[in-house]
Amino acid sequence: MPRINKTVILALLIATSSIFLLFQLYYYRQYISKNGLHVFGGQGSMSGSDAQRHLIKRFLGLVHKYSLPVFLVDAVSLDLLSQDTLLLKESKLKEPHCLFLCTHREFTTFALLGNLWKYDANLIEAAEERGMEVLEIRGKDPRLVSMDDLAGNDIPLHFLFKKGGRLVHLVVLYERTGKYLWHGPLRLKPNIDRKFAPFRKLDYGRHAGAYNRPELALTMVDGLDVRIPRNFSYFLKEHSQARFLECPFREARAFYQLYPDDLSPEAMDFRMKAKSLLHLAARTLYELGVPFWLSSGTCLGWFRQCSIIPYSKDVDLGIWIKDYRHDITQAFQKAGLPLKHKFGKVEDSLELSFQGLDVKLDIFFFYDEGETVWNGGTQAKSGKKFKYVFPRFQLCWTELLELKVRVPCQTLDYIQANYGPDWNVPVKAWDWKSSPPNVQENGVWPVRDWDEVIQVY
Ligand SMILES: *[C@@H]1O[C@H](CO)[C@@H](O)[C@H](O)[C@H]1NC(C)=O
């Protein structure tokens, strides 16, 4: 490896001929693909990279014939493209080699825009005629899970095209109500999908995922016409945190059977206002590039009833303190949400409240403390401090009220920390200073700091 590396660097330094550079990198990539991960057998005399390009070419032929709205989403290929845009230009001019689409792995991943595609069973037949083995993985359409009668409806979630020990993975992306793209999980059954079982470690499908609809660009990669997301780095960033959780629709339905939904005009009015406040807050924070998640009662409402709890009176969001920005308050004010109160300070127990139309927006900032994380509370009249402690968690996407939002992936742990084991029973009398099982008294703010840490408007 070091020897090859040096060759590449040397070549960079001395090459006046771009052809020379191209060939150096080509052989370097070949070297990696032969010496990187183990290569599956049955390739005859073709090198892994040749076999991969051969398969991709056949696959793209199929894509062309059936007008499939397909684009490249392979994480390694996109990463190579983002590092090597110069080489991409070169590779368009010279004799094509598989520099980007063939990586050290045995598969290349594309996505299919499911809403722009009409299912055609001939596709699979045609692929098989071209010497590819095809596996179609189907699953329930989550957009219908909340409706009893339609729950049996299966849709294609993934396709695997295999030839010569190589694979093209096609992920089907569906547009959902929040105007985002969703793909389902990919579960291979080792006994049944034996031929495909070696490919269990794919980029997409360990979990369901969610993406904003990317702007696409048609370009030539390795001599092949391919659509790619225009902004690779944005897409790759999304990919690294795309995990999606479905709202537990079945459990929510069971909850509503025990506790029928409040359909009074007041409750309907509150839900409508809370929904528009949530959309406005999400847009404002998105423009600032500040990630947030549903917290407290809003998170409970999502998890328990896939909705807003009508008597909760406010919308609660969580933000990591590392993502705090000084212009958050100003941005909300510009969006028509004046600051109602500010408790604590950036170093300790920060909490912001903004006044929406009859509904308050509470933003709690979360602090890291080893195995746990916490957010603070302040009682305005006494200066007393409180601390709410949670087990550490990651963030996942989900959908609430036609909006793509984040929640803690370990939602049950988060909810139980905050509401105890009986979180599934509605409680209307809730005291934020004493009811949560995870609340701790945390001293009192010194009186001299009150002007700073207790601001009420
Ligand atoms: C691409 O996405 C990155 C974020 O990953 C962003 O900073 C950048 O501005 C985007 N570029 C364009 C041209 O939109």
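The values are calculated or read from the model by the stated rules, or taken from the named source; none is laboratory data. All of these numbers come straight from a predicted model, not from anything done at the bench. Backbone-built Cβ (ideal geometry, glycine too); neighbour counts: all protein chains shown. In case anyone asks, the SASA skips ligands and DNA or RNA and just uses the protein heavy atoms, side chains included. Shrake-Rupley method; radii C 1.70, N 1.55, O 1.52, S 1.80 Å.
When segment 228-285 is filtered for residues that are away from the ligand (no atom under 16 Å from the Cβ), of a type in the set (Ser, Thr, Tyr) and closer than 23 Å to Arg325 by Cβ, only Thr284 remains. Residues in segment 294-313 include at least one that is in the same structural domain as Trp423 (by TED's automatic domain parsing), touching a residue at least 40 places away in the same chain (Cβ under 8 Å) and charged (D, E, K, R). Please specify each residue of segment 400-457 satisfying the condition of being hydroxyl-bearing (Ser, Thr, Tyr), crowded, with 17+ Cβ neighbours inside 10 Å and farther than 30 Å from Leu181 by Cα. Of everything in segment 400-457, just one residue is hydroxyl-bearing (Ser, Thr, Tyr), crowded, with 17+ Cβ neighbours inside 10 Å and farther than 30 Å from Leu181 by Cα, namely Tyr419.
When segment 298-330 is limited to residues that are open to solvent by less than 20 Å² (accessible area, probe 1.4 Å) and aliphatic (A, V, I, L, M), the one that is farthest from Gly420 (Cα to Cα) turns out to be Ile328. If the condition is being over 18 Å from Val171 (Cβ atoms) and surrounded by fewer than 19 Cβ atoms within 10 Å (Cβ to Cβ), then segment 235-250 contributes Pro248, Phe249, Arg250.
Per-residue answers, yes or no, for (1) buried (at least 18 other Cβ atoms within 10 Å of the Cβ); (2) not assigned by TED's automatic domain parsing to the domain that holds Cys102:
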{"site": "His169", "(1), (2)": "yes, no"}
{"site": "Val172", "(1), (2)": "yes, no"}
{"site": "Glu175", "(1), (2)": "no, no"}
{"site": "Gly178", "(1), (2)": "yes, no"}
{"site": "Arg194", "(1), (2)": "no, no"}
{"site": "Thr219", "(1), (2)": "no, no"}
{"site": "Arg227", "(1), (2)": "yes, no"}
{"site": "Phe232", "(1), (2)": "yes, no"}
{"site": "Asp262", "(1), (2)": "no, yes"}
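Of everything in segment 352-399 that's on the phi > 0 side of the Ramachandran plot and at pLDDT below 95, which residue is most open to solvent (accessible area, probe 1.4 Å)? Going through the qualifying residues, I end up with Asp358.
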